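Nothing in this text is a laboratory measurement; each read-out follows from the coordinates by a stated rule. Given the structure is predicted, the values throughout are model-derived calculations rather than measurements. No Cβ is skipped: glycine too gets one built from the backbone with ideal geometry, and neighbour counts run over all protein chains shown.
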Amino acid sequence: MHPFTYSRATDVADAVRDKAGHVASAYIGGGTNLIDLMKMNVEQPAHLVNVAKLPLSKIEDLPDGGLRLGATATNSDTAWNEDVKKRYPLLNQAILAGASPQLRNAATNGGNLMQRTRCYYFYDVATPCNKREPGSGCSAIGGYNRVCGILGTSEACIATHPSDMCVALAALAPTVRVSGPNGERTIAFEDFHRLPGDQPEFDNTLAEGELITSLDLPEKGFAKNFAYLKLRDRHSYAFALVSVAVGLEMDGDTIKEARLALGGVAHKPWRDQSAEDLLKGQPATAETFGRVAAHVVANAVGQGSNDFKIELARRAIVRALKQAAEGQQQAGDMYLGGQ
Amino acid sequence: MSQTNHIGKGPNRVDGPLKVSGTAHYSGEFNVPNLAYGYVVSSPIAKGKIVAIHADEVRALPGVLEVFSHDNVPHLAWFDKSYKDQIAPGGSPFRPLHEPDITFNQQPVALVVADTFELARYAAALLRIDYEQEAHETNLETKRAEGFVPGKGKTGFQPPPPPRGNPDKAWVNATHQMEAEYAHGAQHHNPMELFTTTVEWRGDGQITAYDKTQGVFNVKNYLMGVFGLGKDDVRVVNQFMGGGFGSGLRPQYSVFMGVLAALELKRSVRVTLTRQQMFSIGHRPNTLQVVKMGTNPDGTLAALQHHALHETSQFEDYTENIVNWSGMLYQCDNVKLGYELAKLDIYSPQDMRAPGAASGNVGLEVAMDEMAYAAGLDPLEFRLRNYADRDQNVDKPFSSKKLRECYQQGAAKFGWEKRTQEPRSMRANGKLVGMGMGGGVWDATQNKSAAKALISADGHLTVRSGTGENGTGTYTIMTQIAAETLGLPLEAVTFELGDTDQPEAPIQGGSWTAASVGTAVKNACDALGEKILKLAQKQDDSPLKGAKFDEVEFVNGQLRLRLDHDQAVVLRDVLQASGETQLEADSSATPNMAKQQGYSMHSHNVAFAEVEVDEDLGTIKVTRVVSAVAAGRILNQKTARSQVLGSVIWGLGMALMEETIMDHKFGRYVNHNFAEYHIPVNADIPHIDAIFVHEDDDIVNPLGVKGIGEVGMLGVTAAIANAVFHATGKRVRDLPIMLDKLL
């Protein structure tokens, strides 16, 4: 770990100013990922601005019927918030499927969006990695890539975004509010994370110095028909090999509206709006689910040790759609479908 | 009624309060004054040479005390012999910082020592080292044809017995046959506690090393040999360990580094490895096994062949007993066992819980399941038809063997009779249900141990032996043995361990501590008892006058005649009346070879497992495990049960998730952290029942104990793998069985 200076910001403006005033600076929230990366010499910030105590921890109603999740609210407080449980149980499920209680107690909502890939090679500075060291090469291509992506990958990078929470968010489509040196702006969640292309060092579209202040959920929460299905190598405390978030609005047995997003398969939480369109107006049958699942993975490319993810994703989508259509899941379930 | 019969009951751990209150000190918690910190730098390549170490750039940082590497390490011992520890395998032990050659990835190449840990870590990150890389080979698959039969190997290694009968012909002529290959990758011990050594500089070239180790004497002898230290120059201490599982059997490079720095800097130094470096200190080797079996028309085994090949380093021939068990667990007259190693550019493997047996057991017990199906027999019935009443490897009877009772009690508890034989024939909760079983066998070993017992005038007994406590319950069972031997309550006894100033005990491994140290503790207490008897008899009008030692007993704080309990004296009165402030006795214990030579001495077990498999998604949930163990006499029901629960969890990990992945391009493990090397978490662990089948066995040792640390792990992995087959009809022969293998 390299030496760094540290300050605790008092408000958002102070945080933005402080960060802009230091080279190689970084915001730190719960620190559940950044500190690890600093210990491994993957991240080497010279200055840390602690934003965890900023007055952004509220979860409150929005005038349009939505819900604002403060950026510094912890993942735990968010998952167990009564409004989240009642109105956005998909989010509750996804958060609880991730990490461990200890980590969720420390991790913030903003930080969850900012966590970095868990690709083995990104973490090990003894190996080349384009995300960590642009131009050094991708070790995962042709290497061991069980955790890596099958959709939207590039020749430069096949890393995945590791979050569970973000997969549910991709389906729920909130707006990300940010503040930066040039003022405030909002980013559609869909546009927040990016694909690797030839610049895998950038995980998202935040401009230099910008800080997430809240996630503004729209009113529609798919509280009746939803599913979060996470498949992993052990039953807790493991990143998703494949996860699926589904939100449906049903009209009898017909799907009126659909949201579908995947985790563990791409550089960003993978929402597939063309698949959502295919579901709309269709009967909730195995045939429909199978057709849509095949559509989602039609362009998937395996990388060797993750070839299985294509078939696994297909099957997981079918299962999650079925669970959502049947309205099987309850908020707060500790053990998720399929496991 | 005696209140001082402690053996066989289940008292709480005597060291529990120390642990939960944080007052038990682990190796990294001895905060001696003026402590410096060392941080190890590891090689990023698997093979090659160090061309240059730019140490001066780092030495220039204020607070950095020194950078040690092959460039500046002082003259140390020259011959391999000095580096060989008690269980070093054949070959040349790795010498840290000895030469510029790199022989495995993550080889320690430098130690940066600084005033603070943070500075040492930072400086280590800055240290530039130039390497000349050479082509490496880390893939066992490429060495299938290059296996070789190892020589003598390490202490405890037994080459497979020669073939018996005509195993090739018998297999060809068998009514039913099976042949299959089984594989598992490398696995690492991953104890929670990192390897840490705090070396206290006592001045004048003398040190105390608080070291994470399962053998303080093994480390002491190593340090004396390597650094040329005298007996009084070095003391090694380990009173608590946060998990060992075999990783602490050999001295690790952390202790070498710490002692080197302390002696050179004449200052106390602590060296702690990183989690990543915990993947550079030995592992259960990547192993390939081929098993062939054939049966007679009556379901008895006609032939059994078992061959294993595993990896070792370029410099040592690490050996373990993988196939031998297959020649003794079942009755078979035509047996051929083979064992080979292959050299790769990796660090030497190291004993890991039930070394050899855990690997070979998977081959044997999954093959038994395959054979049972081929012969159309229930897997339990098949084992019963092939029950071995003699150890055919050595042609001797067992000193005791209640495996049959384990089968019966385990099956009854599990409800094996509800199992339907056909794969895919059982369902529950919308999932496929499978039931599988596997059994195992492990050595009952006693090694020479010594102990000292002291009793003070107030009647408090202290017993010492330089053994270890790696979480198994050593403190507790030794306290029970000592207290029962001298008829005292547990509170009146203190057992001390883990210090080379104490009487010598062997490394804590092989499940032999209870038998070895336990017997020494009993002998020392008996020797002390004889002295107490003599003191008692010196008193005027002693009711014990003329009594021989075997005519008296110590019960409830009294010394009394066995045949006339009214003829008794109170222990404390005897001691106080004697005027002595303290009475002490030393003793040691060695196996009774004369008594044992006619017998094969082993513990046995069987595990039954139930799984639920979601066929669409490949996910496996182990829903129940029953483990029945026959391991002689159980000293403490509670700690023994905990050991079995832990063993079952290990077996589950091996079956379903544990594997260290080597990227052969880099010759480097890639999942070297707790996030990606998966060990079971609470959510993976089902209800576990542990059954102990009591065995009376005065041949193994006077206490009749066989040890349970390893045997409980056997059978479990195979039982789960067999249950997955029963559930799905898919036979997965390469572990771990992750979900993609069932898609």
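To check you understand DSSP bridge types, tell me what percent of the beta bridges within the stretch B:154-277 (both residues inside) are antiparallel, rounded to 5.
Here the share of antiparallel DSSP bridges comes out near 70 percent.
Can you work out the FRET efficiency for the pair B:Asn429 and A:Asn105, with r the C-beta to C-beta distance and R0 = 35 Å, to the nearest 0.05?
Efficiency, rounded to the nearest 0.05: 0.65.
Quick check on the exposure proxy: order B:Asp573, B:Asp564 from fewest to most C-beta atoms within 10 angstrom.
In order of increasing Cβ crowding within 10 Å: B:Asp564, B:Asp573.
Kyte-Doolittle mean at least -0.5 and Cα extent at least 20 Å along the axis: which DSSP H helices of chain B qualify?
TM-like helix candidates: B:357-374, B:513-538, B:637-656.
Each label point is 7 Å from the Cα along the Cα-to-Cβ direction; what then is the distance between the points at A:Lys280 and B:Glu118, in nm?
5.5 nm
Taking amide hydrogens as modeled 1.01 Å from N in the peptide plane, which residues meet the under 5 Å criterion relative to A:Ile255, leaving out close sequence neighbours?
It is A:Gly281, A:Gln282, A:Ala284, by chain and number.
Quick one: grab the alpha carbon gyration tensor of the stretch A:5-52, order the square roots of its eigenvalues as a ≥ b ≥ c, and give me rounded if a/c is under 1.5, else prolate or oblate depending on whether a/b is larger than b/c.
oblate
Relative contact order for the stretch B:447-590 using alpha-carbon pairs under 8 Å, separation at least 6, rounded to a whole percent?
Relative contact order, the stretch B:447-590: 35 percent.
Cross-link partners among aspartates and glutamates for B:Lys9, C-alpha distance below 17 Å, same-chain residues fewer than 8 apart left out?
Candidates past the 8-residue exclusion: B:Glu484, B:Glu491, B:Glu695, B:Asp696.
From the phi angles alone, apply the Karplus equation (6.51, -1.76, 1.60; θ = phi - 60°) to the stretch B:493-503 and give each ³J(HN,Hα) in whole Hz, x where the residue is Gly or Pro.
Each residue's phi maps through the Karplus curve to give 10, 10, 9, 10, 8, x, 8, 6, 7, 8, x Hz.
Identify which of A:Gln273, A:Gln102, A:Gln323 has the largest mean-square fluctuation in a Gaussian network model of chain A, with springs joining Cα atoms closer than 10 Å.
A:Gln102
Give a quick list of trypsin sites (Lys or Arg not before Pro) in the stretch A:1-60 that DSSP marks as loop, anything other than H, G, I, E or B, with at most 16 other Cβ atoms within 10 Å.
Here the trypsin sites (Lys or Arg not before Pro) that fit, given the DSSP loop and packing criteria, are A:Lys53, A:Lys58.
With 10 angstrom as the radius, rank B:Met224, B:Met713, A:Met38, B:Met241 by how many other C-beta atoms surround their C-beta, starting from the fewest.
Ordered from fewest to most neighbouring Cβ atoms within 10 Å, B:Met224, B:Met713, A:Met38, B:Met241 come out as B:Met224, A:Met38, B:Met241, B:Met713.
DSSP loop (so not H, G, I, E, B), at most 12 other Cβ within 10 Å: list which GluC sites (Glu not before Pro) in the stretch A:206-243 pass both filters.
Sites meeting the loop and neighbour criteria: A:Glu208, A:Glu219.
Taking amide H positions as placed 1.01 Å from N in the peptide plane, with prolines and chain starts having none, which residues 5 or more places from B:Tyr339, or on another chain, fall under 5 Å of its amide H?
Counting only residues 5 or more places away or on other chains, the set is B:Ala308.
Helix A:286-296 sits at what angle to the longest principal axis of chain A, using alpha carbons and giving 0 to 90 degrees rounded to 10?
It works out to around 30 degrees.
Using the Cα gyration tensor of the protein assembly as shown, with a ≥ b ≥ c the square roots of its eigenvalues, what is the shape: rounded (a/c below 1.5), prolate (a/b larger than b/c) or oblate (neither)?
prolate
For the stretch B:445-497, what is the percent of antiparallel DSSP beta bridges, rounded to the nearest 5?
Counting DSSP beta bridges with both partners in the stretch B:445-497, the antiparallel share is about 45 percent.
What Kirkwood hydrodynamic radius, in Å, does chain B give when the mean of 1/r is taken over all pairs of distinct Cα atoms and then inverted?
After inverting the mean inverse Cα-Cα distance, the result is 27.3 Å.
Given a Förster distance of 45 Å, report the FRET efficiency between A:Thr10 and A:Ala294 from their Cβ-Cβ distance, rounded to the nearest 0.05.
0.25
On a straight-distance basis, which lysines could pair with B:Lys431 in a cross-link, Cα separation under 27 angstrom, same-chain partners fewer than 8 positions away excluded?
Reachable lysines: A:Lys224, A:Lys230, A:Lys309, A:Lys322, B:Lys413, B:Lys418, B:Lys621, B:Lys730, B:Lys741.
So what's the net charge close to A:Val301: Lys and Arg +1, Asp and Glu -1, counting the other residues with Cβ under 12 Å from its Cβ?
-1
Sum up the charges of everything whose Cβ sits under 13 Å from the Cβ of B:Ala690, counting Lys and Arg as +1 and Asp and Glu as -1, but leave B:Ala690 out.
+3
Quick one: what are the phi-derived ³J(HN,Hα) couplings along the stretch A:234-250, Karplus 6.51/-1.76/1.60 with θ = phi - 60°, whole Hz, x for glycine and proline?
Using θ = phi - 60°, the values come out as 8, 7, 7, 6, 8, 6, 5, 6, 9, 9, 9, 10, 10, x, 10, 10, 9 Hz.
Taking amide H positions as placed 1.01 Å from N in the peptide plane, with prolines and chain starts having none, which residues 5 or more places from A:His267, or on another chain, fall under 5 Å of its amide H?
Distant-sequence amide H within range of A:His267: A:His161.
Which percent, to the nearest 5, of DSSP beta bridges fully inside the protein assembly as shown are antiparallel?
Percentage antiparallel, nearest 5: 80.
Mind sorting A:Ile158, B:Ile53 by how few other Cβ atoms lie within 10 Å of their own Cβ, fewest first?
The order, fewest Cβ neighbours first, is B:Ile53, A:Ile158.
Per DSSP H run of at least 4 residues, take -39500 (n - 2.57); add these up for the protein assembly as shown, divide by its residues and hand me the 222 nm value, nearest 500 deg cm²/dmol.
Estimated from H runs of four or more residues: -7500 deg cm²/dmol.
Ordered by residue, what ³J(HN,Hα) values in Hz, to whole numbers, does the stretch B:7-13 give under the Karplus form 6.51 cos²θ - 1.76 cosθ + 1.60, where θ = phi - 60° and Gly and Pro are x?
With coefficients 6.51, -1.76 and 1.60, one gets 5, x, 8, x, x, 4, 4 Hz.
For chain A, what does the alpha-carbon gyration tensor say about shape, rounded, prolate or oblate, given a ≥ b ≥ c as the root eigenvalues, a/c under 1.5 as rounded, and a/b over b/c as prolate?
Cα axes put chain A in the oblate bin.
Report the longest stretch of chain B that contains none of the chymotrypsin sites (Phe, Trp or Tyr not before Pro) sitting in a DSSP loop with at most 10 other Cβ atoms within 10 Å.
Segment B:80-743 is the longest.
Enumerate the lysines that B:Lys143 could reach by cross-link, defined here as Cα to Cα under 20 Å, with residues fewer than 8 away along the same chain left out.
B:Lys47, B:Lys343, B:Lys665
With the radius of gyration and the Kirkwood radius both derived from the Cα set of the stretch B:313-401, what is their ratio Rg to Rh?
Ratio of gyration radius to Kirkwood radius: 1.05.
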